[in-house]
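First up is the structure itself, then whatever we jot down about it.
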Amino acid sequence: MTAQASAAAAARARNGRAGFLSPPAETIIGFSEDSGPGASLLRNLTRDDCRFPGPVHLVNPRRAASGDTRFLRSAAEVAGPLGFVHVLLAGEAALQTVRQLTGDISAVAVYGGGFGDAGRDDLEQELANWSAHNATGRPVPVLGPQSMGVYRNTAGMQFCGITGPSPERAKPGPVAFISQSGALVGAFLRAAWSRGVGVGCAFSIGNARCFSFADAAAAALAEDDISVVCMYLEGVSRLADLATVGKVAARRGKVVLLAVGGESAGGRSLAQSHTGTLATESRLVSGVARQYGIIQVANVEELLWGAEGIGQAGQAILAGGKAFGVALIGLTGGGVILAADSLERNGVSLPQPTARGMRAISAVVGNRPVLNPVDGGALALGLADSHTALTRAYAEDPRYKIVACVAGMGLPPPTPNHVHLYDALADAIARTGKVGVLVSPLPDLTNGAWGMDGLVIARGLQEGAIKIRVLQDVARLGALAGRAAPRQSADAGRSVASPASEGH
Amino acid sequence: MPLRRDGTLTGAAARELLRELPICWPWLREVADQAELRAAVSAIPAFPVVVKVEGIAHRQQAAGIWRDIGDETTALSVLELFGRSYGYPLSLAEQIPHGPEFALGWQRRQAGEDVLMFGYGGSDVGTQVQFRLVPLTRRHASALIDECVQQRSAQNQLISLVLALQERMHLPSSGGTCEIDLNPITFSEAGQLVALDWKIFRR
């Protein structure tokens with residue numbers, strides 16, 4: 001047994017049901033070299049930079065050997081464990097295939113539709129029955145129907161068992177992504193990797209009849225290297241499942257971000273036909289998410305921004321006691337006005353400084369009726385030292401946990417003076433243990449490649465507002481409940497907040 | 001007052017089922033028909049009072065409530081007018097001078113899950129309410145209340161009411177009840193938590 005295989009076996013033993021994240025083999029049923037999903041899946045499983053460490057079995061009764069590719073006529077011909085079984089079939093054909101499975105099966109993903117999404121709840125129920133009672137003698141997780149598989153990338157196990165995205169830039173990390181929409185798994189991974197955000201695991205749960213978002217979240221939260229779980233759902237049928245996810249996350253000191261689609265009449269109707277999901281009224285979902293410390297955002301893009309922001313904030317989001325206020329400093333008058341508007345639209349208020357902070361800030365900018373937000377652009381242009389003092393005054397005010405700076409003068413490459421300004425923010429943050437956010441008013445100013453250690457970077461005002469809101473929620477939840485000891489993320493070397501809820 | 005065909009229970013009958021909740025109930029007299037009008041008016045302990053039409057939805061918008069009634073003659077006139085316009089039953093209730101109005105509700109969903117609702121109440125209920133899954137811990141209740149009410153004594157009364165309501169709904173006698181609305185509830189000038197209107201929906 002190789003060291004990697006040994007690590008995978010240890011992970012299976014440790015994680016129980018979540019052992020399907022470390023399967024001993026992969027079996028693709030209904031594989032065809034010339035059909036999209038199978039070919040893409042095999043390509044992803046066998047890429048050099050994210051190669052599945054065990055055997056990959058290809059099953060297709062109608063295909064003979066082709067080049068180096070050997071096909072088995074049925075799953076029964078597989079010597080050894082089937083491991084994670086991908087069933088690239090739909091409706092009754094998929095159900096018949098699953099019913100015949102036996103042996104060492106870690107999990108099954110059914111890719112095709114034709115179940116609840118097509119009004120065939122009976123087929124979906126039979127799949128659920130097989131998941132609970134089958135010839136293996138133990139429950140087997142069944143993802144889907146309409147799943148597109150599972151991705152796992154950690155030190156002990158790499159496999160991109162999903163169709164779609166090329167994992168050529170695959171990056172492991174502390175983020176998990178769970179989605180009812182399979183295509184969004186690929187989109188999320190590609191977007192995350194292109195931004196340098198590491199993703200440790202991703203689940204495409206499709207109709208989620210046998211393996212719910214709560215099952216996927218439990219599996220992800222059980223993994224030591226995962227600290228942020230992002231979920232895109234098309235509905236929540238049982239509020240108690242959401243409560244369970246929140247409780248487990250809080251117990252393990254991890255953060256859960258949630259986006260629920262189908263809020264509009266059109267979206268709701270489409271969600272029902274897409275995955276057969278009957279959604280609970282959105283304000284009930286929002287209330288329970290809030291009750292159990294799950295941070296809700298609007299869409300998948302905001303999930304990614306939130307996860308990235310938490311990773312960039314790192315340890316600082318944990319430290320610093322009970323403060324969770326946001327201070328907004330601008331280096332551009334227009335930028336700071338628009339940033340303040342954007343924050344308000346997203347529910348982030350900007351409290352005025354404490355009396356002590358007010359004295360320190362007024363000493364730099366003079367007496368002004370409003371000291372948060374403040375435009376320090378004029379100071380920055382002429383008096384860099386004054387800007388440094390201003391930034392430090394906000395960071396040192398105990399009311400503020402987050403100090404955001406709107407930087408509108410072109411990055412990169414910043415002029416030497418601008419480098420000084422950003423250094424001032426980074427320095428103030430490092431001194432005080434607060435969270436610093438550098439917001440560019442337009443995405444194209446950042447040119448995609450810049451970053452500064454210790455600062456949260458936001459490419460655009462909306463991204464800035466969402467990152468700040470998510471970070472404030474993490475800080476607020478921790479401040480309300482009393483912060484648990486930070487949990488170190490193995491891959492990222494960072495820790496995130498314990499998302500204590502309104503209280504358990 | 002008997003259970004209506006739509007499963008709604010209001011007035012004294014509903015209050016009887018909710019009497020153990022830690023909230024004050026205003027003086028209330030139901031008027032089942034025209035023959036009870038004079039007896040009801042003569043029983044009023046203090047003015048001002050409110051006359052309400054029972055059993056209609058959105059009473060405020062339907063002009064089914066008359067406030068600031070300061071004497072017996074006016075009370076009798078309003079009762080007769082409402083009786084002719086809407087029919088019976090009607091109710092006479094003590095008018096409580098009060099501040100902001102809130103709404104507290106409990107609902108059993110078809111999935112078998114219970115949820116509580118709290119927020120600003122009165123005629124625009126629904127726009128500023130939050131939902132929580134039952135059971136709520138004291139901290140859940142506190143965080144929910146804290147969004148609308150900052151005064152400590154008021155918070156504590158509301159938290160006790162929330163916890164008592166969810167506890168009450170676990171009793172066997174609550175079988176068949178699928179929704180309770182306490183809307184509006186408010187604080188009297190003396191700072192006591194008071195229910196101004198309430199409904200129970202039963203299957």
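Using only Cα atoms and rounding to the nearest 10 degrees, what angle (0 to 90) does helix B:152-168 make with the longest principal axis of chain B?
90
Can you tally the net charge around A:LEU89? Count Lys and Arg as +1, Asp and Glu as -1, for every other residue whose Cβ sits under 13 Å from the Cβ of A:LEU89.
Value of the local net charge: +1.
In whole Å, largest first, what are the principal axis extents of the Cα atoms in the range B:27-94?
28, 24, 18
Regarding the range A:131-182, what's the average projected area of the Cα-atom convex hull, expressed in nm²?
Orientation-averaged projected area of the Cα hull: 5.0 nm².
Over the Cα atoms, compute the radius of gyration (one decimal) and Dmax (the largest Cα-Cα distance, rounded to a whole number) for the range A:172-249, in Å.
Spelled out, the Cα radius of gyration and Dmax of the range A:172-249 are 12.1, 35 Å.
In whole angstrom, note down how far apart the Cα centers of the range B:56-72 and the range A:109-123 are.
Using only Cα atoms, the two centres lie 54 Å from each other.
Hey, can you rank A:176-189, A:81-94 by average C-beta count inside 10 Å, highest first?
The densest-packed peptide leads the list: A:176-189, A:81-94.
Can you give the helix-only mean residue ellipticity at 222 nm for chain B, where every DSSP H stretch with n ≥ 4 adds -39500 (n - 2.57) and the sum goes over all residues, rounded to the nearest 500 deg cm²/dmol?
So the helix-based figure for chain B works out to -8000 deg cm²/dmol.
Starting from 0 in steps of 10 Å, tell me what percent of the Cα-Cα pairs of the range B:102-202 lands in each bin.
Taking all Cα pairs of the range B:102-202, the binned fractions are 15, 52, 29, 4, 0 percent.
Can you tell me the orientation of helix B:72-86 relative to chain B, as the angle in degrees between its alpha-carbon axis and the longest Cα principal axis, to the nearest 10?
Here the helix axis deviates by roughly 80 degrees.
Going Cα to Cα from A:LYS322, which aspartates and glutamates come in below 15 Å? Please leave out same-chain ones fewer than 8 positions away.
Cross-link targets: A:GLU396, A:ASP397, A:ASP473, A:GLU502.
The range A:150-205: D in µm²/s via Stokes-Einstein (Kirkwood Rh, Cα pairs, 4 °C, 1.567 mPa s)?
Diffusion coefficient, whole number: 121 µm²/s.
Which residue fluctuates the most in chain B, going by a Gaussian network model with Cα springs under 10 Å, if the choices are B:HIS98, B:HIS58, B:HIS140?
Looking only at B:HIS98, B:HIS58, B:HIS140, the largest GNM fluctuation is found for B:HIS58.
Report, to one decimal in Å, the Kirkwood hydrodynamic radius for chain B based on all distinct Cα pairs.
Averaging 1/r across every pair of different Cα atoms and inverting gives 17.6 Å.
Short version: ³J(HN,Hα) in whole Hz for each residue of the range A:193-207, in order, from phi by Karplus 6.51 cos²θ - 1.76 cosθ + 1.60 (θ = phi - 60°), x for Gly and Pro, what are they?
3J(HN,Hα) across the range A:193-207, in whole Hz: 4, 5, 8, x, 8, x, 10, x, 7, 9, 10, 9, 9, x, 5.
Roughly how crowded by other chains is peptide B:103-109, in terms of the mean Cβ count from those chains within 10 Å of each of its Cβ atoms?
The per-residue average across the peptide is 1.
In whole angstrom, and with the biggest value first, how far do the Cα coordinates of the range B:80-132 range along each principal axis?
Principal extents (Cα only, largest first): 44, 30, 19 Å.
Listed here are the pairs A:LYS434/A:LYS467; A:LYS247/A:LYS434; A:LYS171/A:LYS467; B:LYS52/B:LYS199; A:LYS171/A:LYS434; A:LYS247/A:LYS467; which of them are more than 19 Å apart at the Cα?
The answer is A:LYS247/A:LYS434; A:LYS171/A:LYS467; A:LYS171/A:LYS434; A:LYS247/A:LYS467.
To the nearest 100 Å², how much accessible surface do chains A and B cover up together, summed over both, with a 1.4 Å probe?
The buried area between A and B, both sides summed, comes to about 1500 Å².
The values are calculated or read from the model by the stated rules, or taken from the named source; none is laboratory data. All values derive from a computational prediction rather than experimental measurement. Cβ atoms come from the backbone with ideal geometry, glycine included; neighbour counts cover every protein chain shown. Areas reflect the complete protein model, heavy atoms only, side chains present, ligands, DNA and RNA absent. Shrake-Rupley method; radii C 1.70, N 1.55, O 1.52, S 1.80 Å.
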